[in-house]
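What follows is a short report on a single structure.
The values are calculated or read from the model by the stated rules, or taken from the named source; none is laboratory data. Since we're looking at a predicted model, the values are computed, not measured. As a convention, Cβ positions derive from the backbone with ideal geometry for all residues, glycine included, and neighbour counts pool all protein chains shown. Please note that ligands, DNA and RNA were not included when accessible areas were found on the heavy atoms of the full protein model with its side chains. Shrake-Rupley method; radii C 1.70, N 1.55, O 1.52, S 1.80 Å.
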Amino acid sequence: MKALCVAGGVPHIELIKQLKSRGITTVLIDGNSECLARQYADTFYHVNVFDDDAVRNIARTEKVDFIITVCADQVLLVVTKLSEELGLPCYVDYETTCKASDKIEMKRMFKRVGIPSSEFVELDELDTESIKTLRYPLIVKPVDAYSSRGVRKAVDEKELEQFFAEAKEISRNGRVIVEEFNIGEEISVDAFVVNGKAQVLMISNSEKIKDDNRFVIFRGKYPANREEEIIGDVQNICQKIADELKLVHSPLLVQMIHTDRGVSVLEYCTRTGGNMKWLLIKDKSGVDVITATIDASLGITPAVEVKEPPYKYIVNEFAYCSQGVLDHIEGFEKMLADDVIKEYRQIRLKGHSFTGIRSSGDRVVGFTITADSIDELNQKHRLVNQTVKVIDSLGKDIMRHDLLPDFE
């Protein structure tokens, strides 16, 4: 059996390893010739993952038995489209993926089935008359982007005009959504649907950088604050989404805001959480969502059994950088050897140029800390922040240590 893996980031290394452990030959494609997962695949093609014709030709030439990706909703559009065209198995169909990749379609669905969400308008061109019923601050976002690209908070009309133009340029179809900003804590809900039933695996807080009115995640923390207050509503919302999309076996990621009035849903997608999220989920629940996604793709009913976590606190942290060209990272191996961190993954390699923080794609490394108390968590966290470095080509530490605050 042969699989075509689309995209080659951190989680795709694990995807390829697991496929090969099943005796499946792996063909990897990625637009970056030096992508992280390249060395793990049996065959590699350097092509744009969004080039349907190129991906289709490779799938036919290699005579693959299925096409697969994890942790990437826009890439999943290519996977589902070509799987249907070529008659190959996939855990979700193209129509469903389109619905789960369009933020306006999501908003319409929320209203239709009674899922709480903020008020919004959809626009091709900025029309202040259309938004007069909305209250500032306003969130502006492209309807079809990912990794928080183009998502900005506007506090007045001047910022709205600027951010709308940016979002429209990023959006592939030119559509932009403008919605009211809800004050509260952002939570990330990871679930897996098995035989149509949504099973919540983890609820975590998504903490975001407060730079320049952007919404870039620097930390995912389990457990979410006041989780017991919302677990019932969260489970109900996940099931409503699964029912509406007619999901059978599928990962499901739902982003929400926990406000004083309860939860408000931002968006969802039929994929696993990105980057190191699969490790956080596994540490918390005992469920390997990459294994489950492979099973679902092959028509095997995933074995999803949630277990009690061995740690009271589990945190994924992400390091970002100021401007510079990456040479190497320091201190992470020592922190791993000293059991201060449980694991880490380097996301960008030597020679990568950092120009600022615009999306989660600007991360350089991610690491996991586990603890049984807030004091222990902060002690480990401070030690890591004092020890690790990201060294640029001039020998300077360009890691933004200020973006890793203590836990409260």
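Across the chain, C-alpha contacts under 8 Å between residues 6 or more apart give a mean separation that, scaled by the residue count, equals a relative contact order of 13 percent.
Among Gly286, Gly273, Gly299, the largest mean-square fluctuation in a Gaussian network model of the chain (Cα springs under 10 Å) belongs to Gly299. For the range 256-361, the pair-distance distribution built from all alpha carbon pairs, in bins 10 Å wide starting at 0, is 11, 28, 35, 22, 4 percent.
Could you state the accessible area per residue of the chain in Å², with a 1.4 Å probe and every protein chain left in place?
On the way: 17350 Å² over 408 residues.
On a per-residue basis, 43 Å².
Result for the chain in a Gaussian network model with C-alpha springs under 10 Å: among Asp93, Asp397, Asp53, the largest mean-square fluctuation is at Asp53. Approximating the spin labels as points 7 Å out from Cα along Cα→Cβ, the Val248-to-Arg358 distance works out to 4.1 nm.
Among Glu186, Glu317, Glu228, what's the order by accessible area (1.4 angstrom probe), most exposed first? Mind dumping the intermediate values first?
On the way: Glu186 25, Glu317 0, Glu228 140 Å².
These residues rank, largest area first, as Glu228, Glu186, Glu317.
A Gaussian network model of the chain, with springs between Cα atoms under 10 Å, assigns the largest mean-square fluctuation among Val70, Val47, Val216 to Val47. Element breakdown for the chain at a 1.4 angstrom probe: carbon and sulfur atoms account for 46% of the accessible area. Here the Debye sum runs over all C-alpha atoms of the range 79-218 as equal scatterers in vacuum, and log10 of I(q)/I(0) at q = 0.10 Å⁻¹ comes out as -0.41.
Report relative contact order for the range 277-353 in percent, whole number only (criteria: Cα-Cα under 8 Å, sequence separation at least 6). Relative contact order for the range 277-353 comes out at 25 percent.
Rank these residues by their accessible area, most exposed first, probe 1.4 Å: Val325, Val388, Val151. It would help to have the intermediate numbers written out before the result.
Working: Val325 55, Val388 0, Val151 25 Å².
Descending order: Val325, Val151, Val388.
Which entry in (i) 20.8, 59; (ii) 20.5, 66; (iii) 21.7, 68 matches Rg and Dmax of the Cα atoms in Å derived from the coordinates of this structure? Computed from these coordinates, Rg and Dmax of the Cα atoms in Å corresponds to label (i). Straight-distance candidates among the lysines for linking to Lys20, with alpha-carbon spacing under 29 Å and chain neighbours fewer than 8 residues away dropped: Lys2, Lys63, Lys81, Lys277, Lys282, Lys284, Lys307, Lys342, Lys350.
Taking each DSSP H run with n ≥ 4 as -39500 (n - 2.57) and averaging over every residue of the chain yields -9500 deg cm²/dmol at 222 nm. Projecting label points 7 angstrom from Cα along Cα→Cβ for Arg172 and Glu408 puts them 3.9 nm apart.
The modelled label-to-label distance for the pair Ile374/Asn195, using points 7 Å beyond Cα in the direction of Cβ, is 4.2 nm.
Taking the charge dipole of the range 279-408 about its Cα centre, with +1 at Lys and Arg Cβ atoms and -1 at Asp and Glu Cβ atoms, the residue from Gly286, Ser322, Ser373 reaching farthest to the positive side is Ser322. Placing a label point 7 Å from the Cα of Lys20 along the Cα-to-Cβ line, the residues of the range 335-377 whose backbone N sits under 20 Å from it are 344-349.
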